1. Considering (1) within 32 Å of the chain's Cα centre (by Cα); (2) part of a helix (DSSP H, G or I), say which one VAL80 fails and leave the rest.
2. Can you name every residue in segment 467-489 that is assigned to a loop (DSSP other than H, G, I, E, B), out of contact with any helix residue (DSSP H, G or I) (no Cβ under 7 Å at 6 or more places or on another chain) and surrounded by fewer than 23 Cβ atoms within 10 Å (Cβ to Cβ)?
3. Here is a list of conditions, (1) among the basic types (Lys, Arg); (2) out of contact with any helix residue (DSSP H, G or I) (no Cβ under 8 Å at 6 or more places or on another chain); (3) in contact (Cβ under 8 Å) with a residue 60 or more places away in the chain, and LYS562 meets all of them except one; can you say which number that is?
4. Of the residues that sit in segment 679-689 and are more than 27 Å from GLY546 (Cβ to Cβ) and either at pLDDT 95 or above or not aliphatic (A, V, I, L, M) (or both), which one is least open to solvent (accessible area, probe 1.4 Å)?
5. Of all residues being out of contact with any Ser or Thr (no Cβ under 7 Å at 6 or more places or on another chain) and charged (D, E, K, R) in segment 383-408, which is farthest from SER258 (Cα to Cα)? Just the residue, please.
6. Just checking, how many residues over segment 300-338 are touching a strand residue (DSSP E or B) at 6+ places or on another chain (Cβ under 8 Å), of a type in the set (Ser, Thr, Tyr) and either open to solvent by 10 Å² or more (accessible area, probe 1.4 Å) or under 25 Å from ALA665 (Cα atoms) (or both)?
7. Taking only segment 180-199 into account, find how many residues are closer than 29 Å to PRO31 by Cα and over 25 Å from the mean Cα position of the chain (by Cα).
8. Of everything in segment 168-188 that's touching a residue at least 24 places away in the same chain (Cβ under 8 Å) and open to solvent by 80 Å² or more (accessible area, probe 1.4 Å), which residue is farthest from LEU202 (Cα to Cα)?
Amino acid sequence: MPTATVDGIEVEYEPGMTVMQVCELAGREIPRFCYHERLSVAGNCRMCLVEVEGGPPKPAASCAMPCAPDMKIHTDTPMVKKARDGVMEFLLINHPLDCPICDQGGECDLQDQAMAFGVDGSRYDENKRAVTNKDLGPLIRTIMTRCIHCTRCVRFTTEVAGISDMGLIGRGESAEITSYLDKAVDSELSGNVIDLCPVGALTSKPYAFKARPWELKKTETVDVMDAVGSNIRVDTRGREVMRILPRLNEDVNEEWISDKTRFIWDGLRRQRLDKPYVRRDGKLEPATWDEAFAAIAEKLKGLEGSKVAAIAGDMVCAESMYALKGLMDSLGSPNVDCRQDGAKLKGPRSNYLFNTTIAGIEDADALLLIGTNPRHEAPLINARIRKAWAASNMPIGNVGAVHDLTYDVDQLGAGPATLKDIADGNHSFASVLKNAKRPMLIIGQGALARADGAAILSLAAKVAETTGMVSEDWNGFNVLHTAAARVAGLDLGLVPGEGGHDVANILTGVEGGDIEVVYLLGADEIETRRLSRAFVIYQGSHGDAGAHAADVVLPGAAYTEKNAIWVNTEGRVQHGRRAVYPPGEAKEDWSILRALSGVIGKPLPWKTQGELVAAMIEAHPHFGSANTAPEGNSLDLGSVGVSGAVGDMGFASPVTDFYLTNPIARASEIMAECSAVFVHGQNRAKTAEASGTNG
């Protein structure tokens, strides 16, 4: 590899690296505002100036200059210091020095670099320029007078988010960052520009004036708004979640998170279940834990296991589902299901995982989407697909409804007929997949959560087989889940046992009188009105649909309120950490199930969470491998193969409103406003006024 010298230190670097990157290899910090590792090079802030020996007798922008072999670079000469001081002085000429009232204060790049590389005075005596604030929607607060025109926000929305809502207009002193035609920034990833902004021009509108960064306790945990398992940091003050930020994980979410993940925090404190309830005379009334458990025990006394059923929800942790499965087994009930939507999925494991892995999307050279809208079902996976498409212009075909996915897609057809043609090799896109070195497909719940879902899965497996998607070093067969709990539920066997009922048959069984008790563990996305003839136990964190239908309500903990395990769509086991404690009398879900098992006389064989996890790992060893995607490129096509007719109806995404997909989201005022603006097209001024959002 070539070498270069930085301040007398010789370093090896890979060809193509910039001078800035080489300086960082040598341990030299280079100040910058416009440069970002994941965005294209703009070279317009000029803060990263260095001196190159033998080059032109002037400072060079290190972010935009490729490093040449044997180059000698200086980062601390008088020329460099004078140049950086001058750039900082120019930046501060028009920047309003309102740090005491700026939400960026304490974590502002301009503030930090002005201290490290700035000067202690200004020679500018004219009035500072002022810029009109822009209305970018309900999530992003703007004070554009602070803007230094680094264009990070413009490059992110264009290159990563794949929208064209922002740009820079004007020149010189008249230059402004703005949205076109006063349009709100309509992207599921828009909140990331808040993190990217190096000054206080773009800040979080819901978080404005809520707290200072040094007041907050920071907890690293995992997101459960979708099945990606984005790594996040939850900032809390006292017992309240104040904001949620992304945490770096190159294999999962890189350094981005979706807007639902970022702004869901106000829903964590609204409509909470903080005490048990028991239905008396048709009305839910507060009760003690003993009274709630006694009501359940009385109903279960002498009841056959076949008359009891349990459904696990979409945001339930692995420990809770393991405990629920143990409780149902002790009652002799085979009627257990974690697939609220009725998806026709079961083992072996590689048949329901995102086998390519999220990071592996970038290695693919052809893609077939089946019954999915990844932009709304998993925005971070959609961003990865766009990244791979932008790098190689790989062909992407879609079978299903037409969606704006932020990249070019060949619309192949609407439903099973087209998929069958591809599987049989009678479609032109089958040749595209066969000729690719690393083809992949992504099948979504829109294709699987239907009566013919098993046959559709079989067709997808046949596509993988006939086009060579599975080989010794590649597995292109991918199932995209929408529920954070789904993979762990399938791993733990929360599917009907021998003679057991799935969700659809549980509901039918209740209506027919065959099932008398239904245990809903955070399950709200089902037709709860069909449970009216059963005794319903609801255990969860929010008073949503399941709680309204319940005869006994047991208050559980939300995902930020417990140490727990989740498994993402690629099968990666990740550990969430408690940021705050549950409100009132609410308790962690596994402990509720353990206590209940003792009351009904069938105690589960562990007393602590540590003992539970040890038992779970003993039964399912892969739960002991944290933050590691499964290895292996097998696909049990025989087990997938299902004969049967497929319907004519086209595939449709299960996500109709990205912002209101779960109980926490439906309790959030921020998400309600986003839904009104971006999904239903309501006037932003009216929604802001209705929700009391500041400006």
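1. Unmet for VAL80, out of (1) within 32 Å of the chain's Cα centre (by Cα); (2) part of a helix (DSSP H, G or I): (1).
2. GLU472, ASP473
3. For LYS562, the exception is condition (2).
4. At the first step, the residues of segment 679-689 found to be more than 27 Å from GLY546 (Cβ to Cβ) are 681-689.
Add one more test, that the residue is either at pLDDT 95 or above or not aliphatic (A, V, I, L, M) (or both), and what stays is 681-684, 686-687, 689.
On the way: GLY681: 60, GLN682: 100, ASN683: 86, ARG684: 53, LYS686: 148, THR687: 12, GLU689: 152 Å².
Result: THR687.
5. The selected residue is ASP408.
6. 2
7. 1
8. So the residue we want is GLU173.
The values are calculated or read from the model by the stated rules, or taken from the named source; none is laboratory data. All values reported here derive from a predicted model rather than from experimental measurement. Heads up, the Cβs are rebuilt from the backbone with ideal geometry, glycines too, and the neighbour counts pull from every protein chain shown. Please note that ligands, DNA and RNA were not included when accessible areas were found on the heavy atoms of the full protein model with its side chains. Shrake-Rupley method; radii C 1.70, N 1.55, O 1.52, S 1.80 Å.
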